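Take a look at the structure set out below.
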Amino acid sequence: MKRHISILGSTGSIGTQTLEVIAKHPDLFQVESLAAGSNVNLLLEQIHQFKPKLVSVSNVQLADKVRSECPAGVTILHGEQGLLEVAVGGDSDFLVSAIMGSLGLKPTLAAIKAGKMIGLANKETLVSAGHIVMEAAQRYHVNLIPIDSEHSAIFQCLNGESIKQVNKLIITASGGSFRNQTREQLKHVTVEQALKHPNWSMGAKITIDSATMVNKGLEVIEAHWLFQLDYSQIEVIIHPESIIHSMVEFIDHSVMAQLGTPDMRVPIQYALTYPNRIASPSSQLNLTEIGSLHFRPMDFERYPCLLMAIECGKIGGTASTVFNAANEIAVSRFLNKDIDFLSIESIISEVLNRHQAITKPDLEQIMDADAWARTTAAEIKI
């Protein structure tokens, strides 16, 4: 039986790779709806290839452009309402939540309440509102299948195991574009250098987050919510080769690891086909060619953003919301060459210093904190 798929963020890195997987297995998947931002040309290509019934873009002008060039019979929407319709409308039974940033929160929640199975690639959904999202998933008996390679690895290692018998999760980090540079050297790095990730092919924002280790901080918070473990049970280590995607240590000190080449199509496909596996387009892992794998402990002085993220996760409430929102604006400012690389962490730190965390926020308070953090991060002078 076919799985009917809707995608939030179809023109982004995860979205395009999801469609690659779907294209190779037309007998297994049907694309029902797509939501994109402003990449209209790519979206139109996707519409012609996959023939969704419903499409959403960011604003009315782009909606008019898409409407004028897409086949008849496709419903074109825009804005937040469009995202919600893509998430819950039509005949889809599986939502890939891959839209970047906090925009994914409301539609993902709506899909959960509609009983859709969720393939979660949007870290910010759990980072900003983990308590609300996980409560909703339990209430509506919805599976959240992680698409991030690290969380997919943990999810796979835990198959058939009891979470009560887990001692700790070990999340691996490549170290990003500047893993071998000192903080002194980081003062002068360029946007172009930061976007050259040594292992993974990802979007601009997540590549910068990898270099600052913000990405790994968000993953720790996400792991806390997904697997319901205390922060003391989540460790991050540097693993430059990105072959072991994460590990689980059990109470008997046995360690299970998931290995594979750095290819996001593997965790994407696993989420789409769960609990089954099918042949993958990725290359096979050849450990004899790799020869050796390396590991080193995390240096929180070198990567202060990771420590800030973990501390925000421990505080809970709106602290992690504000961390995430401040980072999104700081990264945008860096990509626009408004600030230097190290100023990303300075902006995040300053916004957090100005924030009084709300411990158990409702959705409105979360959105207010998110908006406040974005405005504050944009206004800070460096």
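Annotations
- Check on Glu350, out of contact with any helix residue (DSSP H, G or I) (no Cβ under 7 Å at 6 or more places or on another chain), of a type in the set (Asp, Glu), in a helix (DSSP H, G or I) and over 25 Å from Thr172 (Cβ atoms): yes
- For the stretch 286-306, a residue qualifies if it is of a type in the set (A, V, I, L, M), out of contact with any Lys or Arg (no Cβ under 6 Å at 6 or more places or on another chain) and in contact (Cβ under 8 Å) with a residue 60 or more places away in the chain, and exactly one does: Met298.
- All positions within the stretch 167-199 that are surrounded by 12 or more Cβ atoms within 10 Å (Cβ to Cβ), assigned to a helix (DSSP H, G or I) and either free of Cβ contacts under 8 Å to residues at least 12 places away in the same chain or polar (S, T, N, Q) (or both): Gln193
- The lone exception for Ser283 - which of (1) modelled with pLDDT of 95 or more; (2) within 28 Å of Thr16 (Cα to Cα); (3) more than 17 Å from the chain's Cα centre (by Cα) it fails: (1)
- Taken over the stretch 286-314, residues that are crowded, with 17+ Cβ neighbours inside 10 Å, more than 20 Å from the chain's Cα centre (by Cα) and part of a helix (DSSP H, G or I) amount to 1.
- Per the conditions (1) out of contact with any strand residue (DSSP E or B) (no Cβ under 8 Å at 6 or more places or on another chain); (2) in a strand (DSSP E or B), the sole criterion not satisfied by Leu105 is (2).
- In the set (1) in contact with a helix residue (DSSP H, G or I) (Cβ under 8 Å, 6 or more places away or on another chain); (2) under 22 Å from Ser128 (Cβ atoms), Met247 fails one condition alone, (2).
- Of the residues contained in the stretch 108-124, none is found to be on the phi > 0 side of the Ramachandran plot, in a loop (DSSP other than H, G, I, E, B) and in contact (Cβ under 8 Å) with a residue 60 or more places away in the chain.
- Residue check, Ala136 over 26 Å from Arg374 (Cα atoms), small (Gly, Ala, Ser) and out of contact with any strand residue (DSSP E or B) (no Cβ under 7 Å at 6 or more places or on another chain): yes
- Restricting attention to the stretch 118-156, the residues being in contact with a helix residue (DSSP H, G or I) (Cβ under 9 Å, 6 or more places away or on another chain) and either farther than 22 Å from Asp263 by Cβ or of a type in the set (A, V, I, L, M, F, W, C) (or both) number 26.
- First in the stretch 248-269 and more than 26 Å from Ser97 (Cβ to Cβ), second anywhere and charged (D, E, K, R), Cβ under 6 Å, 6 or more apart: Glu249/Lys168; Val255/Glu249
- Among all positions in the stretch 264-280, there is at least one residue which is of a type in the set (D, E, K, R), more than 21 Å from the chain's Cα centre (by Cα) and under 19 Å from Gln156 (Cα atoms).
- Inside the stretch 46-101, residues that are surrounded by 14 or more Cβ atoms within 10 Å (Cβ to Cβ) and polar (S, T, N, Q) make up a count of 6.
- In the stretch 315-334 there is no residue matching the filter, namely being over 21 Å from the mean Cα position of the chain (by Cα), in contact (Cβ under 8 Å) with a residue 40 or more places away in the chain and part of a loop (DSSP other than H, G, I, E, B).
- On inspection, Ile339 passes the criterion of being outside any helix (DSSP H, G or I) and of a type in the set (Val, Ile, Thr).
- The listed residue being of a type in the set (A, V, I, L, M) and surrounded by fewer than 17 Cβ atoms within 10 Å (Cβ to Cβ), out of Ile348, Ile382, Ile339: Ile382
- Qualifying residues in the stretch 145-160 (those that are crowded, with 22+ Cβ neighbours inside 10 Å and out of contact with any strand residue (DSSP E or B) (no Cβ under 7 Å at 6 or more places or on another chain)) - the one farthest from Thr172 (Cα to Cα): Asp148
- Candidate set from the stretch 102-133 (those that are more than 13 Å from the chain's Cα centre (by Cα) and basic (Lys, Arg)); member that is surrounded by the most Cβ atoms within 10 Å (Cβ to Cβ): Lys116
The values are calculated or read from the model by the stated rules, or taken from the named source; none is laboratory data. Since the structure is predicted, the reported quantities are computational estimates derived from the model, not experimental observations. Using ideal geometry, Cβ is built from the backbone for each residue, glycine included, and neighbour counts are taken over all protein chains shown.
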